[in-house]
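Here, each number is a calculation from the coordinates, and none is a lab measurement. Values in this document were obtained by computation on a predicted structure and should not be read as measured data. Cβ coordinates were reconstructed from backbone atoms using ideal geometry, including for glycine residues, and neighbour counts include every protein chain displayed.
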Amino acid sequence: MSWFFLFIAVVLNSAGNILIKESAQTEAQGIALYLSIPFVCGVFLFGINLLAYTKAQTTIPLTVAYCILVGASMLIISVYGYFFLKETINYIKIIGMLLILIGIYFVVRA
C-alpha cells in the first residue's frame, strides 16, 4: 500500500508544480497571483501530496521514496512542459532523463 501512496504523491507533486507554473503565466500580479485558482489548487495538491508521501514512508526508506518522488515528478513535468508549454527538450535533457530513470532503478533495487 505504501507504493500506491508514493505513486499518488508523485502525481500530486507533479500536478501541483504544473498548476503553480500555469498560475505564474497568467497576467495576475502581486496578491492576485497568489489568490488565483490555479495557484490555490497547486498549493492544495502540495498539501495532499505531503500526506500521501508521509504515508508512503511508513515502509519505504527515505532514500528510495525521495529519489522516486523527485525523479518521477521531474520526468512528468518535463513531458508536460514539452507538449503543453512548448518548452524544449534536447538530446542532453533526454540523456539526463534516461540517467535519472536508470538511477531510480538502481536505488529501488539496492
Filtered trypsin sites (Lys or Arg not before Pro), region 1-95: DSSP coil and at most 10 other beta carbons within 10 Å = Lys86
Each label sits 7 Å from Cα toward the beta-carbon; between Val108 and Ile31 the label points are separated, in nm, by 4.6 nm
Cβ-placed point charges (K, R +1; D, E -1), dipole of the chain about Cα centre in debye, nearest 20 | 260 debye
Backbone HN-Hα couplings from phi across region 88-96 [Karplus 6.51/-1.76/1.60, Hz, Gly and Pro as x] = 8, 10, 9, 5, 5, 5, 4, 4, x
Does anyone have the angle between helix 62-84 and the longest principal axis of the chain? Alpha-carbon axes, 0 to 90°, nearest 10?
-> 40 degrees
Return the calculated 222 nm mean residue ellipticity for the chain, to the nearest 500 deg cm²/dmol, obtained by summing -39500 (n - 2.57) across DSSP H runs with n ≥ 4 and dividing by the residue count.
-> -27500 deg cm²/dmol
Length-normalised contact order of the chain in % [C-alpha pairs under 8 Å, at least 6 apart] | 33 percent
Among Ile37, Ile95, Ile20, whose mean-square fluctuation peaks in a Gaussian network model of the chain (Cα, cutoff 10 Å)?
-> Ile95
Going residue by residue through region 24-39, the Karplus relation 6.51 cos²θ - 1.76 cosθ + 1.60 with θ = phi - 60° gives ³J(HN,Hα) values, rounded to whole Hz and with x marking Gly or Pro, of 5, 8, 7, 8, 5, 9, x, 5, 4, 4, 6, 9, 5, 4, x, 5
